[in-house]
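The values are calculated or read from the model by the stated rules, or taken from the named source; none is laboratory data. These numbers were taken from a predicted model, which means no experiment stands behind them. Here the Cβ positions follow ideal geometry from the backbone for every residue, glycine too, while neighbour counts run over all protein chains shown. Side chains included, ligands, DNA and RNA excluded: accessible areas come from the protein's heavy atoms. Shrake-Rupley method; radii C 1.70, N 1.55, O 1.52, S 1.80 Å.
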Amino acid sequence: QGHSDSVRSVAFSPDGKTLVSGSDDNTIRLWDLNGTAISEPFQGHSAQVLSVAFSPDGKTIVSGSSDNTIRLWDLNGTAISEPFQGHSAQVLSVAFSPDGKTLVSGSYDQTIRLWRGGWRGWLVLCCNRLRYHSIFKEPPDNVAREACEVCQHLVWDQEN
């Protein structure tokens, strides 16, 4: 117990040790196999969470909602990116491809959408395109400096 409304979707983590649930209370929760909540509810959707799934590596959760969006989350409940928008009706089902590089969503709008690359793939692409740009040598403002730090931390340091 822990959700304050109906549970619409559940899924096991790839290692089988954790469960994720999505609810009509607009939240996502992580659970151990004894039914104990592992963290605070993930909040960000503005309507019911209709579908949840783990990435193949178990490090990311995808959710689909009646707010017509798809969201990616880390295991701490932090939204990884802005919501994916494109469906004109509630997102009924979400899943990762086996390699984790593509998301698929199905919607009440009678469409299936493929979301290729995911946020990590796009981040790597963007950072690598900017790697040798002059703005990265001497960032002129805080926004550019923060962008440099994101690329350094999440992309370039991971290459070593």
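Remarks
- Cα-centre dipole for the chain with unit charges at Cβ (Lys and Arg positive, Asp and Glu negative), debye to 20: 440
- Additional length obtainable on full extension of the chain from Asp109 to Asp157, 0.36 nm per residue less Cα span: 13.2 nm
- The stretch 1-115 shape via C-alpha gyration tensor axes, a/c threshold 1.5: oblate
- With the charge dipole of the chain set up from +1 on Lys and Arg Cβ and -1 on Asp and Glu Cβ about the Cα centre, the Cα lying farthest toward the positive end among the listed residues Gln152, Ala89, Thr111 is that of Thr111.
- Extension gain (nm, one decimal) between Ser81 and Asp141, 0.36 nm per residue minus Cα-Cα: 19.4 nm
- Between His133 and Ala47, the FRET efficiency from the beta-carbon distance, with R0 = 25 Å, is close to 0.05.
- Taking every protein chain into account, the 1.4 Å probe leaves Lys137 with about 150 Å² of accessible area, to the nearest ten.
- Calculated from backbone phi, Karplus (6.51, -1.76, 1.60) coupling profile of the stretch 29-39 in Hz, x at Gly/Pro: 9, 9, 9, 8, 6, 8, x, 8, 5, 8, 8
- Sequentially through the stretch 88-93, phi angles give Karplus couplings (6.51, -1.76, 1.60; θ = phi - 60°) of 9, 8, 4, 8, 8, 8 Hz, Gly and Pro residues having no value and appearing as x.
- Accessible-area composition of the chain, carbon plus sulfur, in percent [1.4 Å probe]: 50
- For the chain, the 222 nm mean residue ellipticity estimated from helices alone, with every DSSP H stretch of n ≥ 4 adding -39500 (n - 2.57) and the total spread over all residues, rounds to -5000 deg cm²/dmol.
- Averaged per residue, the stretch 1-110 has 50 square angstrom of accessible surface, using a 1.4 angstrom probe with ligands and nucleic acids left out.
- Global geometry of the stretch 32-79, whether rounded, prolate or oblate, following the gyration tensor of its Cα atoms and the 1.5 cut on a/c: prolate
- Here the Gaussian network model covers the chain, with springs between Cα atoms less than 10 Å apart; of Ser105, Ser65, Ser81, Ser81 fluctuates the most.
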